[in-house]
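Participant: There's a structure below that I have some questions on.
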Amino acid sequence: MDLEQEEALYEFLENVSEPFTLEDVTIYVQASGQKPDKKLVAEIGAYLDARKIAFKQNNRYWVSRRNCFEQGVFVITPSRLELLNGILIPGHRCVPFANPLTLPHRYKFYWKGEAVPVTTTEAPPEDLYPYYCIYGEEFAPQYIARDNPKNEEAYNADLYEDPPEVSIHTLDMRVIYRESGFVPGDRFVVRTIDWKECKFEMEKAAKDTWSRADLDEWLEAAENGFEDSFALLGPGAGTEEQIAFAFWFGGKRMRDVPAYSLEEFLYEKTNRVDIVPYGIESRFWFAGKEIPDSKNLQNYTVPPDRTFIEELLYQKNIPISEFVILSYIRDAFYRNEKDIDNVINRLVPPVVHLEEAEWDILADYISDSMDDYYKSYSLFLDQGAGPIRQRVAELHTAVIELSAKLQKGEIEIVWLPRHTFIVLSQIQGHAAALLEDLAFDESPGDTDITAMDNSLDSMIDTYSDIKELINTAMDNFRRSNLTLIHGGKVSEQSNGQLWRMIQISISGLDVWRRAIISHDCAMEELHQLIHISMNWNGSGNFKFYCETPNNTKEYLHNKVKLGDIDFRGKKELIYEYGSKWNVKVIIMSSYQPAKNEVTRFIAGEGAAPPEQIDGPRHFRRLLGFLEAGNNSEKQTAKHQLGLEFVPDVFDLDKMNRSLREVFK
């Protein structure tokens, strides 16, 4: 679809309040002045499937966000801070019942038919982030910055430091709290009366109004809805998309009361849903599990109905739109270059192989585009956007080149930093979005240029960090292969068998260890090894299992040896320790051991959580208390973690000394 067709599609979805067919959308799009197109029905279907902007009801009908959430009911539970100050912060409270194209400070609320007045609240930004973190903690500053121009200026003033204070629009609730006798624990029942314009009607529900059984019924529907969305859609393009589909899969019960607020559900009530790292972002996911990486770039904004040129590049793992190509062309104009080969080599780095016919097709397309756009290009008018476009294009090229080199290399993905390709995908996607914004004649304003520049600086820093980690991982991989695949006599203990390198990591945390063990190592010994690596005492129940191809668990007896397991088709074991911890054991390189080889740790990262801590989520929360909590929260964290706990500390020598005492 072209831009005008996409705009017509979004306009249709904003207004339709009944289930619709693809034919209904096509008629609307063509009625807006578009020429009849036999392929349009299929293109719209592909677009809806890829962009996840509507829900598929069955093989024929679709449901818009408006149809699903308008007149839906949800809950907001004011915090003590809000009650004390007589305010309510909309923030993320209305997800997914609000039009995602509208920012929270533009929502309109009504109480007994009257509009709730709006005021402003000043506070340090860290006090306000918890009201926006369901969008993703990494995006909370952006929502606050976009609340008003002064906030944006304050954030743009220093990329690496939050401003000391910001001002946000809040609801003035003083009269409502006083007249309704609102106390901590009371809730607001909120109904969406106009999804498109984000209008909501509020009424009070006292804290003891609903039974525990009714709330548990809603909790079960919510947990099932989230798990279905994870299983069917994966991590998706963002947390807002995940939540919208969770409410869809959770059914009408999830969009009615009695109910918990979304904050209560996600941060207090559920044991089945957790927030986990996803590259440089975060997502909701199955509790105790991490989102797997993939070995290619994933850009959720790439057109689903790709043109021939876009498809050619997509097959080369360069997921971009033609607007990105246009931005590269404008960059060539800014550089005063006319050599088409230079443009192609920046767009498609030489490490990405192009067949001669593919090169010719791309060269013809770029040549024609340069002829079309050169006459309208003005170097004078491009002085504001030109320098930043050039830097973004260079970063985008570097990401594509690095990704291609990793895909062509022989390094095992488990050696790479966690979520390497997800991080690279996110940088590539953000860079491509900036290039699309810079592809047109109209230059962004000074404020937008400053914001783009700051965003670019942050992306370059992230790229430099991940590239350094990748280089270190590749050096370690090469050294280990040289060390492990060596000559010499096979040790008598090994009985002629190969040994293994394994990596041990706690699901949901950036804590891992790498060790060398014999194939004769039994599961009960591997259990001891894991506990030494995490400084646990081994008091809880444990089980090892492999996941079979049909997603069932194949449990292993404690006497089973590593060498007895058939690792064809699987590269990892899962270690269940009690009900709180899942540890992934990745089976890496095999090698011939040297004479008198011993079991040993060779690398690792991160301080492991004490085993009595209530799982990964609670551990991350305690780490947050240590870093930025108040005095009471810091004392709580020190008490639960122990006075000797130091975040991020990993002592390899101490760990191997402990190991030698057990594996003599």
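The values are calculated or read from the model by the stated rules, or taken from the named source; none is laboratory data. What you see is a predicted model; the values in this text were computed from it and never measured. Please note: Cβ atoms are built from the backbone with ideal geometry, for glycine as well, and neighbour counts cover all protein chains shown. Areas reflect the complete protein model, heavy atoms only, side chains present, ligands, DNA and RNA absent. Shrake-Rupley method; radii C 1.70, N 1.55, O 1.52, S 1.80 Å.
Participant: Suppose we filter T192, T239 for residues that are touching an Asp or Glu at 6+ places or on another chain (Cβ under 8 Å), among the polar types (S, T, N, Q), closer than 30 Å to A54 by Cα and in contact (Cβ under 8 Å) with a residue 12 or more places away in the chain; which single one remains?
Facilitator: Within the list T192, T239, the selection yields T192.
Participant: Restricting to segment 107-140, count the residues that are in a helix (DSSP H, G or I) and either more than 24 Å from V273 (Cα to Cα) or open to solvent by less than 30 Å² (accessible area, probe 1.4 Å) (or both). Steps first, answer last, please.
Facilitator: Taking segment 107-140 and keeping what is in a helix (DSSP H, G or I), we get 125-131, 133-135, 137-140.
Now restrict to residues that are either more than 24 Å from V273 (Cα to Cα) or open to solvent by less than 30 Å² (accessible area, probe 1.4 Å) (or both): 125-128, 131, 133-135, 140.
Total satisfying the criteria: 9.
Participant: Turning to a different aspect of this structure: So, of the residues in segment 426-454 that are open to solvent by less than 50 Å² (accessible area, probe 1.4 Å) and of a type outside the set (A, V, I, L, M), which turns out to be farthest from T397 (Cα to Cα)? Step through it out loud before you land on a result.
Facilitator: Residues of segment 426-454 that are open to solvent by less than 50 Å² (accessible area, probe 1.4 Å), as a first pass: 426-429, 431-435, 438-439, 443-445, 449, 451-452, 454.
Applying the additional criterion that residues be of a type outside the set (A, V, I, L, M) yields 426, 428-429, 443-445, 454.
On the way: Q426: 14, Q428: 9, G429: 12, S443: 22, P444: 23, G445: 25, N454: 19 Å.
By that ranking, first place goes to G445.
Participant: In segment 158-179, what residues are closer than 30 Å to L456 by Cβ, open to solvent by less than 80 Å² (accessible area, probe 1.4 Å) and of a type in the set (D, E, K, R)? Steps first, please.
Facilitator: Residues of segment 158-179 closer than 30 Å to L456 by Cβ: 158-169.
Next, from what is left, pick out any that are open to solvent by less than 80 Å² (accessible area, probe 1.4 Å): 158-159, 162-163, 166-169.
Within segment 158-179, D158, D162 meet the criteria.
Participant: What are the residues in segment 316-349 that are over 17 Å from T301 (Cα atoms), open to solvent by 10 Å² or more (accessible area, probe 1.4 Å) and either β-branched (V, I, T) or part of a loop (DSSP other than H, G, I, E, B) (or both), if any?
Facilitator: Once the filter is applied, which keeps residues that are over 17 Å from T301 (Cα atoms), open to solvent by 10 Å² or more (accessible area, probe 1.4 Å) and either β-branched (V, I, T) or part of a loop (DSSP other than H, G, I, E, B) (or both), segment 316-349 yields R335, N336, E337, K338, D339, I340.
Participant: Can you tell me which residue in segment 261-274 is modelled with the highest pLDDT, limited to those that are part of a loop (DSSP other than H, G, I, E, B) and surrounded by fewer than 18 Cβ atoms within 10 Å (Cβ to Cβ)? Talk me through it step by step, then tell me what you get.
Facilitator: Going through segment 261-274, the residues part of a loop (DSSP other than H, G, I, E, B) turn out to be 261, 270-272.
Those left that are additionally surrounded by fewer than 18 Cβ atoms within 10 Å (Cβ to Cβ): 271-272.
Details: N271: 87, R272: 92.
Restricting to residues being part of a loop (DSSP other than H, G, I, E, B) and surrounded by fewer than 18 Cβ atoms within 10 Å (Cβ to Cβ), the top hit is R272.
Participant: Follow-up question, since we're still on this one. Select from segment 10-25 the residues that are free of Cβ contacts under 8 Å to residues at least 60 places away in the same chain and over 27 Å from the mean Cα position of the chain (by Cα) and list them in ascending order.
Facilitator: If the condition is that a residue be free of Cβ contacts under 8 Å to residues at least 60 places away in the same chain and over 27 Å from the mean Cα position of the chain (by Cα), then E11, F12, V16, S17, E18, P19, F20, T21, L22, E23, D24, V25 are the ones that fit.
Participant: Find the residue count for segment 1-10, including only residues that are in contact with a Phe, Trp or Tyr (Cβ under 8 Å, 6 or more places away or on another chain) and farther than 15 Å from T307 by Cβ. Spell out how you get there, then give the answer.
Facilitator: Filtering segment 1-10 for residues in contact with a Phe, Trp or Tyr (Cβ under 8 Å, 6 or more places away or on another chain) gives 1, 6, 8-9.
Subset that is farther than 15 Å from T307 by Cβ: 8-9.
Of the residues in segment 1-10, 2 are in contact with a Phe, Trp or Tyr (Cβ under 8 Å, 6 or more places away or on another chain) and farther than 15 Å from T307 by Cβ.
Participant: Same structure, new question: Looking at the structure I just gave you, is A98 open to solvent by less than 70 Å² (accessible area, probe 1.4 Å), in a helix (DSSP H, G or I) and of a type in the set (A, V, I, L, M)?
Facilitator: Numbers: open to solvent by less than 70 Å² (accessible area, probe 1.4 Å): yes; in a helix (DSSP H, G or I): no; of a type in the set (A, V, I, L, M): yes.
No.
Participant: Based on this model, can you work out whether E290 counts as of a type in the set (D, E, K, R), open to solvent by 30 Å² or more (accessible area, probe 1.4 Å) and not in a strand (DSSP E or B)? Break it down stepwise before answering.
Facilitator: Numbers: of a type in the set (D, E, K, R): yes; open to solvent by 30 Å² or more (accessible area, probe 1.4 Å): yes; not in a strand (DSSP E or B): yes.
Yes, satisfied.
Participant: Only one residue in P258, P277 is in contact with a strand residue (DSSP E or B) (Cβ under 9 Å, 6 or more places away or on another chain), part of a strand (DSSP E or B) and surrounded by 17 or more Cβ atoms within 10 Å (Cβ to Cβ). Which one? Talk me through it step by step, then tell me what you get.
Facilitator: On the way: P258 fails: part of a strand (DSSP E or B).
P277 is the lone residue from the list that is in contact with a strand residue (DSSP E or B) (Cβ under 9 Å, 6 or more places away or on another chain), part of a strand (DSSP E or B) and surrounded by 17 or more Cβ atoms within 10 Å (Cβ to Cβ).
Participant: For F380, all conditions in the list (1) in a helix (DSSP H, G or I); (2) out of contact with any Pro (no Cβ under 8 Å at 6 or more places or on another chain) hold save one; what is the number of the exception?
Facilitator: Unmet condition: (1).
Participant: Starting from residues that are farther than 24 Å from N148 by Cα and basic (K, R), keep the ones in segment 63-95 and report whichever is modelled with the lowest pLDDT.
Facilitator: Of everything passing the filter in segment 63-95, R80 is modelled with the lowest pLDDT.
Participant: Can you confirm whether segment 355-371 contains a residue that is over 19 Å from E394 (Cβ atoms), outside any helix (DSSP H, G or I) and of a type outside the set (D, E)?
Facilitator: The initial filter retains those residues of segment 355-371 that are over 19 Å from E394 (Cβ atoms), namely 355-365, 367-371.
Those left that are additionally outside any helix (DSSP H, G or I): 355.
Going one step further and asking which of them are of a type outside the set (D, E), we end up with none.
No, because not a single residue in segment 355-371 is over 19 Å from E394 (Cβ atoms), outside any helix (DSSP H, G or I) and of a type outside the set (D, E).
Participant: Restrict the check to segment 69-78 and report whether at least one residue is closer than 19 Å to W248 by Cβ and touching a Pro at 6+ places or on another chain (Cβ under 8 Å).
Facilitator: Our first condition is that a residue be closer than 19 Å to W248 by Cβ; within segment 69-78, this holds for 69-75.
Those left that are additionally touching a Pro at 6+ places or on another chain (Cβ under 8 Å): 69.
Yes, that holds for at least one residue.
Participant: If you don't mind, there's one more thing I want to ask. Identify, from the list E394, E442, E436, the residue that is at pLDDT below 90 and farther than 30 Å from Q503 by Cα.
Facilitator: On the way: E394 fails: at pLDDT below 90; E436 fails: at pLDDT below 90.
When all the criteria are applied, what remains is E442.
Participant: Moving on. If I go through segment 383-414 residue by residue, how many of them are open to solvent by less than 60 Å² (accessible area, probe 1.4 Å) and not in a helix (DSSP H, G or I)?
Facilitator: Number of matching residues: 4.
Participant: Output the residue which, of all residues in segment 610-664 that are among the acidic types (D, E) and within 31 Å of the chain's Cα centre (by Cα), is farthest from W285 (Cα to Cα). Give the derivation first.
Facilitator: So in segment 610-664, the residues among the acidic types (D, E) come out as 611, 614, 627, 633, 644, 648, 651, 653, 661.
So of that shortlist, the ones also within 31 Å of the chain's Cα centre (by Cα) come out as 611, 614, 627, 633, 648, 651.
Details: E611: 22, D614: 18, E627: 24, E633: 26, D648: 24, D651: 31 Å.
My answer is D651.
Participant: OK, next. If E644 meets every condition in (1) without any contact (Cβ under 8 Å) to a residue 12 or more places away in the chain; (2) of a type in the set (D, E); (3) under 27 Å from E290 (Cα atoms) apart from one, which number is that one?
Facilitator: The number of the failed condition is (3).
Participant: Within segment 48-68, which residues are in contact with a helix residue (DSSP H, G or I) (Cβ under 7 Å, 6 or more places away or on another chain) and among the aromatic types (F, W, Y)? If you could, list the steps in order and put the result at the bottom.
Facilitator: Initial filter on segment 48-68 (in contact with a helix residue (DSSP H, G or I) (Cβ under 7 Å, 6 or more places away or on another chain)): 52-55, 62, 64-66, 68.
The answer is F55, W62.
Participant: Output the residue which, of all residues in segment 596-633 that are touching a strand residue (DSSP E or B) at 6+ places or on another chain (Cβ under 6 Å) and among the basic types (K, R), is farthest from P124 (Cα to Cα).
Facilitator: The extreme case among them is R600.
Participant: Then there's this: If you scan segment 63-76, which residues turn out to be buried (at least 19 other Cβ atoms within 10 Å of the Cβ) and farther than 26 Å from V41 by Cα?
Facilitator: Within segment 63-76, F74, V75, I76 qualify.
Participant: Would you be able to tell me the number of residues in segment 26-61 that are under 18 Å from Q242 (Cα atoms) and either touching a residue at least 12 places away in the same chain (Cβ under 8 Å) or assigned to a loop (DSSP other than H, G, I, E, B) (or both)? Step through it out loud before you land on a result.
Facilitator: Going through segment 26-61, the residues under 18 Å from Q242 (Cα atoms) turn out to be 47-57.
Right, trim to either touching a residue at least 12 places away in the same chain (Cβ under 8 Å) or assigned to a loop (DSSP other than H, G, I, E, B) (or both) and you get 47-55, 57.
Summing the residues that are under 18 Å from Q242 (Cα atoms) and either touching a residue at least 12 places away in the same chain (Cβ under 8 Å) or assigned to a loop (DSSP other than H, G, I, E, B) (or both) in segment 26-61 gives 10.
Participant: State all residues of segment 147-182 that are touching a residue at least 60 places away in the same chain (Cβ under 8 Å), over 20 Å from Y132 (Cβ atoms) and in a loop (DSSP other than H, G, I, E, B); if no residue qualifies, say none.
Facilitator: Correct list: F182 only.
Participant: Taking the residues in segment 48-62 that are aliphatic (A, V, I, L, M) and surrounded by 18 or more Cβ atoms within 10 Å (Cβ to Cβ) as candidates, determine which candidate is modelled with the lowest pLDDT. Show your work before the answer.
Facilitator: Of segment 48-62, the ones aliphatic (A, V, I, L, M) are 48, 50, 53-54.
In the following step, the residues that additionally are surrounded by 18 or more Cβ atoms within 10 Å (Cβ to Cβ) were identified as 48, 54.
Values: L48: 93, A54: 96.
The qualifying residue modelled with the lowest pLDDT is L48.
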